[in-house]
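> Input: one structure, supplied below.
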Amino acid sequence: MITVATLPAFLVSHPDAILVEVVEAKGSTPREAGTLMLVAETALWGTIGGGYLEFMAIDCARRVMAGETAQTELDVPLGPEIGQCCGGRVRLSLRRIDPAVREALLQRLAGERAHFPEVMLFGAGHVGLALARALAPLPLNVTLIDSRPQVDGEVPDGIAFRRVAMPEAEVAKLKTGGAAVILTHDHALDFLIAKEALGRTDLAYIGMIGSKTKRATFASFLEREGTGRAAIDRLVLPIGGSTVKDKRPAVIAAMVAAELLAVLLP
């Protein structure tokens, strides 16, 4: 079973596991050196690229867990003999997760997360929560923001949540190069948040859920507020593009996630 739990949650749920890490990758390989996967008796976290390489690694890790072998390394040529045509070579290490390895993993995760692009989602309605779920497993620091006493569902594991009285004030906390995605329950609030976001020139993405009509209305709002209409050229509205017409939250979320990745992880 492949799990979608966060790394800390996986470590708590599966304390007896094996860390499989790509320590060397030569030529064409599915993943680069440093890629890791955790193998428990009935669950997996992460991937080293799939295919027979991963099957071999999982099988070996579970045999180590069962005491059938003490193997700590696999050196695998990715050729026809294992049904993979990458042509490269991968060396894997296998380590049982003990307290020291667990702490090193958590420190590594914290170090990596510090450099992830930041995304603020304004609005924890059906689309906001669907987008949070779509972004949760991605290398992004995501914060979901809402002003209401209750939201439309559970916030996904790994997503920060803030309930604030003035969501528009949160824009100032967004790190340079980050993204603001605006999908609240209130058009007037959407406009206030977008105005604050467009007042910054250091954000990589500013998007708002809506229609062409909403875009025109917002342009008029900006003009009344003394902001030039040129500012709206930096606003993605509607978010998710127009290729797919399906408006189900999960579909919109998938399209917006792709849009964000294209900008934040080029």
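Read the figures in this text as sums done on the coordinates, not as results from a lab. In this text the structure is predicted, and so the values were computed from the model without any measurement. FYI the Cβ positions are ideal-geometry reconstructions off the backbone, even for glycines, and counts take in every protein chain you see.
> What value, in deg cm²/dmol to 500, does the helix sum -39500 (n - 2.57) over DSSP H runs of n ≥ 4 give at 222 nm once divided by the residues of the chain?
Estimated from H runs of four or more residues: -10500 deg cm²/dmol.
> Tell me the angle of helix 212-224 to the major Cα principal axis of the chain, expressed in degrees between 0 and 90 and rounded to the nearest ten.
Value to nearest ten degrees: 60.
> What is the dipole size for the chain, taken about its Cα centre, with +1 at each Lys and Arg Cβ and -1 at each Asp and Glu Cβ, in debye to the nearest 20?
In debye, rounded to 20, the chain gives about 700.
> Further, regarding this structure: Looking at the chain as a GNM with Cα springs under 10 Å, which of I182, I193, I58 has the largest mean-square fluctuation?
Of the options given, I58 has the highest mean-square fluctuation.
> Return the long-range amide H neighbours of V142 (sequence gap of 5 or more, or a different chain), with a cut-off of under 5 Å between placed amide H atoms.
V119, A160
> If you don't mind, another one. If amide H atoms are built 1.01 Å from N in the plane of the peptide, which residues on other chains or at least 5 residues away come under 5 Å of the amide H of A17?
Answer set, sorted by chain and number: I97.
> Please report the spacing between the Cα centers of segment 99-140 and segment 1-78 in Å, no decimals.
21 Å
> Further, regarding this structure: Show me 109-115, 141-147, 172-178 ranked by packing, highest mean number of other Cβ atoms within 10 Å first.
The packing order, highest mean first, is 141-147, 172-178, 109-115.
> Let me ask something else. Only Lys, Arg, Asp and Glu count, each charged at its Cβ (+1, +1, -1, -1), so figure out the dipole size of segment 151-254 about its Cα centre, rounded to 20 debye.
It comes to approximately 300 debye.
> Now for a different question. A33 label point, 7 Å along Cα→Cβ, cut-off 13 Å on backbone N: hits in segment 88-102?
Those under the cut-off are 89-93.
> Could you give the Stokes-Einstein D for the chain in µm² per second, using the C-alpha Kirkwood radius, 4 °C, 1.567 mPa s?
62 µm²/s
> Follow-up question, since we're still on this one. Which value in nm describes the separation of the simple spin-label points at A204 and Y52, placed 7 Å from the Cα toward the beta carbon?
3.8 nm
> Okay, moving on. Applying 1/(1 + (r/R0)^6) with R0 = 51 Å to the Cβ-Cβ distance of R215 and E41, what FRET efficiency is obtained, to the nearest 0.05?
Using R0 = 51 Å, I get an efficiency of 0.45.
> Something else now. List F122, F161 from most exposed to least, where exposure is judged by having the fewest other Cβ atoms within 10 Å.
Fewest to most other Cβ atoms nearby, the residues stand as F161, F122.
> Please report how many Lys pairs in the chain have alpha carbons closer than 24 angstrom, counting only residues at least 8 apart along the chain or sitting on separate chains.
Eligible lysine pairs with Cα atoms under 24 Å apart amount to 8.
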